[in-house]
């Protein structure tokens, strides 16, 4: 048996913290790796030792096999856990670890390679009797061949990268004229994400559920499944909410789909924890989608309904231990639902957000679990995935779990960053989801336009911000008194707006007038991110904190915003946007500039492509025009709302305007 004494975790964020916790429970010494951007990250603080492996871009740090293996050697680690993402499904990485004499906590390299190539995986599954989606998985990747096969398969059609996962390198084609562009876009994204532009084609099955089965296998020939998870609530093929068990699966179907998952694992002599993913139709027919040869983001829901610690078992299997139970011992008790908390702006097309976490107060309570890699002061950068936490709730039944998760989201406070917290709560409260009827088309059908917007700031929240900022700047009140003024004007600004208010301080009460709205706040305490005050005779609570730049991050009355006081010129006025300017929706790296000054463009035309947090975002023209300026080039790092392209009207439009 290959014992482990010191484990290096080749990952970051919440999964690194999760693996470190399991390793500590087994008595291992632990080693974290980090990029320059993550030097003070939570996973670094939780490990016994830490090794810096390179600059912020993942390609130069977390994706560098050589640097991670060198870190393991220099630290004296004898095993490596890859977490998920990054190198977790890299057969080359597994081989490099083994060649260096390290225990790789995961399946054999051959299993990773065979299941990582989705084309080969389809062929293997068909041979093992696992149902597969009709499609093309051949080696001929010529455009003409792909187009011919697409015509044979028929529309709608999925174009998919044969390597990697996470929803990257995937395009849905519903119109024949869109096929060539979809192939080019999927190939480009796959090459950038996985270094492999190979594609496969599959019939798009339409309104299905995404159901996956957790499997465990040891090196002694034992393979079991731990039931299924439903991951149908997805956006752009990225999972948003997951649950176990699936509301669409009964005992007979669970047995059938579980046996298919076990057959899939055995077909590649699998070892460790893995997930076999299926598409499930309304008629109960299921088809193999792919196998993820690693621990999954959503593994906590399976742990909560089975009582099994999957990461601990990964480590035990890597040491050579047999599974401590058989298939008949697996029991599912209760229901668990997980929501992925992202630093993103739902109202702005789910644009990733970057910035410093001003305050973090995760929910507590029975049946609630929070897995996170952040704390107050953590810098969320544009270099990595924007997921910052997983909030999970367990209930005796599905509705209790759902209600507990809504409550946990409401109680979770994160200040300083825009997140999808309120969007998640609205999804969980939706009637279709509550009935257990959500499919893979659920989000796009139910959450578009205004339904994506975050809660609007109330007048009460703006007024409270005015009171708190006035309370902090006590030096102003001396001047107000000496000037004999009763009310003093204060101008508030926040990312989406500004307001002019008036404040009066009398006998410890801050009276605020905001247009036709008026309120009086008697503030009794403001500490540890909690604001307690009396308004209209009632005791109320808000969450807030001032950062080092005197910006007030405040959550109250169902919304969160970051306010600064612009009255006294403490914060410079932001420069106005250029007329016709196209702004970056998030911080990221420019990977393509498709136009140059003088080019005529049409509304909807892609002008710039930005990569942020591993996803490519196309910036398109909002109207017809001519490029007056291109202010960025390929390789540039840009900030949120930075001007990328400036358009001006075409000559004929100017002439018509003059007429």
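Numerical summary
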{"item": "Yes/no for residue 144 being part of a helix (DSSP H, G or I) and in contact with a strand residue (DSSP E or B) (Cβ under 7 Å, 6 or more places away or on another chain)", "result": "no"}
{"item": "Among the candidates 580, 572, 588, 598, residue that is surrounded by fewer than 12 Cβ atoms within 10 Å (Cβ to Cβ), modelled with pLDDT under 85 and out of contact with any helix residue (DSSP H, G or I) (no Cβ under 9 Å at 6 or more places or on another chain)", "result": "572"}
{"item": "Index of the failed condition, residue 46 passing every other in (1) farther than 25 Å from residue 303 by Cα; (2) touching a residue at least 24 places away in the same chain (Cβ under 8 Å)", "result": "(1)"}
{"item": "Single unsatisfied condition, residue 498 versus (1) modelled with pLDDT of 60 or more; (2) over 33 Å from the mean Cα position of the chain (by Cα); (3) not in a helix (DSSP H, G or I)", "result": "(2)"}
{"item": "Residue within the stretch 167-181 that is in a helix (DSSP H, G or I), touching a helix residue (DSSP H, G or I) at 6+ places or on another chain (Cβ under 6 Å) and either surrounded by fewer than 20 Cβ atoms within 10 Å (Cβ to Cβ) or at pLDDT 90 or above (or both) present", "result": "yes"}
{"item": "Residue check for residue 493: assigned to a helix (DSSP H, G or I), touching a strand residue (DSSP E or B) at 6+ places or on another chain (Cβ under 6 Å) and either farther than 30 Å from residue 242 by Cβ or modelled with pLDDT of 85 or more (or both)", "result": "no"}
{"item": "Residue count, the stretch 203-230 (criterion: touching a strand residue (DSSP E or B) at 6+ places or on another chain (Cβ under 6 Å) and either within 20 Å of residue 263 (Cβ to Cβ) or in a loop (DSSP other than H, G, I, E, B) (or both))", "result": "17"}
{"item": "All strands (runs of 3 or more DSSP E) inside the stretch 365-466 with 1 or more residues being at pLDDT below 95 and surrounded by fewer than 23 Cβ atoms within 10 Å (Cβ to Cβ)", "result": "413-415"}
{"item": "Boolean, residue 261 is closer than 28 Å to residue 283 by Cα, modelled with pLDDT of 95 or more and in a helix (DSSP H, G or I)", "result": "yes"}
{"item": "Candidate set: the stretch 8-27, residues that are in a loop (DSSP other than H, G, I, E, B) and in contact (Cβ under 8 Å) with a residue 40 or more places away in the chain; chosen: the one surrounded by the most Cβ atoms within 10 Å (Cβ to Cβ)", "result": "10"}
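The values are calculated or read from the model by the stated rules, or taken from the named source; none is laboratory data. It should be emphasised that the depicted structure is a prediction, and the values quoted were computed from it without experimental measurement. Ideal geometry is used to build each Cβ from the backbone, glycine not excepted, and the neighbour counts take in all protein chains shown.
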